[in-house]
Amino acid sequence: MQPTDRSRQQQHIMARARRVVIKVGSAIMTTANGLNLGFIKELTDNLAALARSGREVVLVSSGAIAAGFKKIGLPAKPRAIPQKQAVAAIGQSTMMQQYEQAFDRHGLKVAQILLTRNDLANRRRYLNARNTLFTLLNWKIIPIINENDTVVVEEIQFGDNDNLSALISSLVQADLLIILTDIDGLYDQDPRQHPEARLIPLVEHIDVRLERAASRQPGVIGSGGMFSKIQAAKKAASVGIPTIIAHGLKPNIIEQLFAGAEDGTLFLSNVTKLRSRQYWLAYTTNPAGDIVVDDGARQVLRYKGKSLLPAGIVGINGRFSAGAAVRLVDTAGEIIGIGLSNYSSQDLACIKGLKTCNIQDSLGYKGYDEVVHRDNMVIFSESRTLTQGEG
Ligand code: GLU
């Protein structure tokens, strides 16, 4: 693709971006001595300008741990969990105080939201978090989100704020995700080891080759590295949201990007935006099993947007009750999508392969014609290999 394609795509995306999620990493939020106040000032100036132009802004900010350990004079990020959690508590309030002051110069108010994975995995809590965020946006208040580092334990951690920013983008149905970090974007090889590495300005589709190019090695301060940023961009793309990964310390980077500067890497999405229920299904539910479908059903699900009927089912994995979230997989084990099953795994074992008119005879009752209704499913745009715990 030519650079002109990037600029055309970017112009189109920026013009339509009404709701934007911006994620800033710890490496750019801090200097050797603590919070990077110059950066916070410039960032908030840029975000205030976005807000003035009528856009809604959600900020996902790292930096609590880094600001905390620097504030109390520790030489490095502590390794022990209680210490890490303690410095996060120290740093989070300092960080919010700076944001509060910086946005106040523009007459803007902020709200702190601290989340754990569990807050989004349960549909009621997910909806609750969503309503709170929408209320804040309605009130023209800037939500500033971070992982609740002080209470998280490994099992309920998002892992890193890149992942969290992708989930938040889905949650608020953002039009664009911008990830600001201390590297210029995605390179074809790790630029820290290969000086000849070239920046990739535009990514239409994230494939295995690209994922390999992204280094798994995080910086000294941050915790994600380029690999987790690519995962975040991939997640956002699969629900219809484009992502830009750019260097946060370039002067007025947000303003520049909106003015058309071709900085960093733009990741496109080739799917239309999902409805909110589908977002939840795609990224926050925990599938209880799999429904394996034949080739005909796979084609119909993927390309025709139809519901899944019993006739296309060839197998069931796992035990689940009616109403459970399940993966829809093809016979090669590739995940086609996720949906809510109208029947339990036990009932499905009886009616798989049958015509809809035979459900009644087989089960003695017929609840639904469809096993998974198309309104209750999300189909992934690109094939994802079945791995345990995915979804
Ligand atoms: N939540 C962490 C913090 O505020 C940062 C996590 C990350 O760097 O992704 O320090």
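The values are calculated or read from the model by the stated rules, or taken from the named source; none is laboratory data. Nothing here was measured: the structure is a model prediction, and the numbers come from that model. Cβ placement follows ideal geometry from the backbone for every residue including glycine, while neighbour counts extend to all protein chains displayed. Each accessible area value is taken on the protein alone, full model and side chains, heavy atoms only, with ligands, DNA and RNA left out. Shrake-Rupley method; radii C 1.70, N 1.55, O 1.52, S 1.80 Å.
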Label-point gap, in nm, between His106 and Asn252 - each point 7 angstrom along Cα→Cβ = 1.3
Greater than 28 Å apart at Cα, pairs in Lys235/Lys366; Lys109/Lys234; Lys84/Lys140; Lys41/Lys70; Lys41/Lys235; Lys229/Lys306 = Lys235/Lys366; Lys109/Lys234; Lys84/Lys140; Lys41/Lys235; Lys229/Lys306
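Report D for segment 252-354 in µm² per second (integer): Stokes-Einstein, Kirkwood Rh on Cα pairs, 4 °C, 1.567 mPa s. List each step's numbers first, then the result.
Working: Rh = 15.6 Å.
Translational D for this selection: 83 µm²/s.
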Separation between Cα centres of segment 341-382 and segment 54-122, rounded to whole Å | 46
Rg(Cα) of the chain divided by 2.2 N^0.38 Å?
-> 1.05
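So for segment 164-268, considering every pair of alpha-carbon atoms, how many percent are separated by more than 23 Å? Walk me through the numbers on the way to the answer.
Working: 1133 of 5460 pairs.
That tail contains 21 percent of the Cα-Cα pairs.
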Pull out the extension gain between Arg52 and Thr135, defined as 0.36 nm times the separation in residues minus the alpha carbon to alpha carbon distance; nm, one decimal.
-> 28.1 nm
Place a point 7 Å from the Cα of Ser93 in the direction of its beta carbon; the residues of segment 129-164 whose amide N falls under 16 Å from it are 149-151
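Give the accessible surface of segment 1-127 per residue, rounded to a whole number of Å², with probe radius 1.4 Å and ligands, DNA and RNA excluded. Could the numbers behind the result be given before it?
Values: 6130 Å² over 127 residues.
Per residue, segment 1-127 has 48 Å² of solvent-accessible surface.
Would you mind giving the three semi-axes, in whole Å and largest first, of the ellipsoid equivalent to segment 59-129 according to its Cα gyration tensor? Mind showing how you got there, number by number?
Working: eigenvalues 117, 89, 9 Å².
Semi-axes, largest first: 24, 21, 7 Å.
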Points 7 angstrom from Cα along the Cβ direction at His194 and Ser321: gap in nanometres?
-> 5.2
Dividing the helical contributions, -39500 (n - 2.57) per DSSP H run of n ≥ 4, by the residues of the chain yields a 222 nm value, nearest 500 deg cm²/dmol, of -11000 deg cm²/dmol
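Please compute the alpha carbon radius of gyration of segment 82-183, then divide it by the globular-protein estimate 2.2 N^0.38 Å. Two decimals is fine. Walk me through the intermediate numbers first.
Values: Rg = 14.2 Å, N = 102, 2.2 N^0.38 = 12.8 Å.
Rg over 2.2 N^0.38 Å, computed on Cα atoms: 1.11.
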Rounded to one decimal in nm, the spacing of the 7 Å Cα→Cβ label points at Asn122 and Asp182 is 3.8
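How large, in percent, is the carbon and sulfur part of the accessible surface of the chain at a probe radius of 1.4 Å?
Numbers: 8570 of 17840 Å².
Heavy-atom surface of the chain belonging to carbon and sulfur, 1.4 Å probe: 48 percent.
Per the Kirkwood definition applied to all pairs of different Cα atoms, how many angstroms is the hydrodynamic radius of segment 1-144?
Roughly 16.9 Å, rounded to one decimal.
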